[in-house]
Each structure stands twice: as structure tokens, then as C-alpha cells.
Amino acid sequence: MPDTPAAVVNIESEVVRRIEATEVQPSPFPHMRIDGIFPDNFYAEIRRNIPDRKFYRRITDTGRAKGEAYDARLILHLSRVDVLLPPAQQPFWKSMNSWITGSDLASAFAKKFSAVIEQNAGRDPRTLDYGVEAMLVKDLDGYQIGPHTDIRSRAVSAMFYLPRSEEHTSE
């Protein structure tokens with residue numbers, strides 16, 4: 001992670017700009033796909049700091065999901081990196097958690113999906129209280145689930161796929 005707060009602000013501003021510049025696609029459900037959302041040098045820094053698998057927990061062990069299909073999905077809550085990760089990785093992921101869960105990024109997503117949020121909530125999205133959480137998710141070989149609905153109280157789910165290289169992405 002860049003050492004200066006200005007560098008972090010610049011990265012966050014660039015990510016927010018890319019969100020604002022992307023149209024929401026309505027089908028098969030409202031979504032956005034933003035290839036290259038992170039600047040290349042920052043993406044390389046993210047990849048260098050991906051924690052070892054031993055620091056993740058099965059999502060089924062956390063109570064967030066049930067069923068054998070989810071046994072191959074591991075998570076690491078970014079709010080707990082100070083107790084879960086080695087000291088050398090903590091500053092990077094604490095900083096990531098801070099701006100990923102910060103109001104600028106959350107507001108950018110809420111604005112993009114405001115019509116959907118209003119339709120689902122039945123009221124103006126600006127009157128709702130939002131909670132934001134960030135986690136790293138690692139899907140092991142063989143993990144797959146079919147299309148499914150999310151919990152009704154979740155307004156927006158943002159997933160940033162972090163493959164090692166372009167050959168690990170799919171259309």
C-alpha cells in the first residue's frame with residue numbers, strides 16, 4: 001500500500017470514478033462489471049499482499065452460509081486483520097478495509113443502484129441506514145453454486161475478483 005494518505009485517496013478516487021463511469025446492466029439482474037477497476041501498480045500490490053490460505057476460515061464455520069456446496073469457500077474478515085494476519089500484512093489490509101468500507105465507495109455503489117434499492121426497500125434509499133463490511137473470499141478448486149438470491153436486507157454486494165493473471169478470468 002502506498003505510504004502516504006494522498007496516495008490512498010488517489011486510488012480510492014480513481015476506483016470511485018470508474019464506478020461512476022460504468023453503466024448498470026439490467027440483465028439477468030442489475031449488475032456492473034468493471035475490468036481493471038484498480039490501477040495496475042496498486043493491483044500488483046494487492047496480489048503481493050494476498051494472505052496465505054491458512055488465515056482464512058470456511059464460510060460454513062462462520063454461520064454465514066450452510067450446506068456442503070459452501071465448504072470450499074473460505075473467508076477472511078478485513079475488520080479482524082489485526083488478530084488474524086501476521087504483523088507485516090496488517091497495515092496493508094487495515095488500510096484496504098478502511099477505504100473499502102468508507103463512505104465514498106459505499107456512496108458510489110448506493111448511487112449507481114439507487115433505483116433497485118428503492119424498488120426493493122419500498123422507500124428512498126437516502127433514508128436507509130447502511131452497514132458495510134469487507135472480506136477476502138477464496139474459492140477452492142471445485143467450488144460452485146448456481147444462481148441464487150441474496151438475503152433481502154443486503155442492498156448491494158460488490159465483489160472484486162483478484163486473479164493472479166488474465167488467464168484466470170472468465171467471461
Quick count over region 17-27, residues being at pLDDT below 95 and open to solvent by less than 40 Å² (accessible area, probe 1.4 Å), is 0
Among the residues of region 92-106, write down those that are touching a residue at least 60 places away in the same chain (Cβ under 8 Å) and under 17 Å from VAL156 (Cα atoms).
TRP99, GLY102, ASP104, LEU105
Failed item in (1) more than 22 Å from ARG164 (Cβ to Cβ); (2) in contact (Cβ under 8 Å) with a residue 24 or more places away in the chain; (3) in contact with a helix residue (DSSP H, G or I) (Cβ under 7 Å, 6 or more places away or on another chain), with LYS66 passing the rest
(2)
Contact list please: Cβ distance under 6 Å, first residue in region 135-152 and surrounded by fewer than 10 Cβ atoms within 10 Å (Cβ to Cβ) and of a type outside the set (S, T, N, Q), second residue at pLDDT 70 or above and not in a loop (DSSP other than H, G, I, E, B), pairs at least six apart or on different chains.
none
Considering only residues that are open to solvent by less than 80 Å² (accessible area, probe 1.4 Å), part of a loop (DSSP other than H, G, I, E, B) and either acidic (Asp, Glu) or farther than 22 Å from TYR143 by Cβ (or both), which ones fall in region 39-59?
PRO39, ASN49
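Here is a yes/no grid of residues against (1) open to solvent by 20 Å² or more (accessible area, probe 1.4 Å); (2) assigned to a helix (DSSP H, G or I):
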| site | (1), (2) |
| --- | --- |
| ASP61 | yes, yes |
| LYS66 | yes, no |
| ALA69 | yes, yes |
| ILE75 | no, no |
| SER79 | yes, yes |
| VAL83 | yes, yes |
| PRO86 | yes, no |
| PHE92 | no, yes |
| SER95 | yes, yes |
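The values are calculated or read from the model by the stated rules, or taken from the named source; none is laboratory data. Every value quoted in this text rests on a predicted model; they were computed, and no experiment measured them. Using ideal geometry, Cβ is built from the backbone for each residue, glycine included, and neighbour counts are taken over all protein chains shown. Heads up: the accessible areas ignore ligands, DNA and RNA and are worked out on the full protein's heavy atoms, side chains in. Shrake-Rupley method; radii C 1.70, N 1.55, O 1.52, S 1.80 Å.
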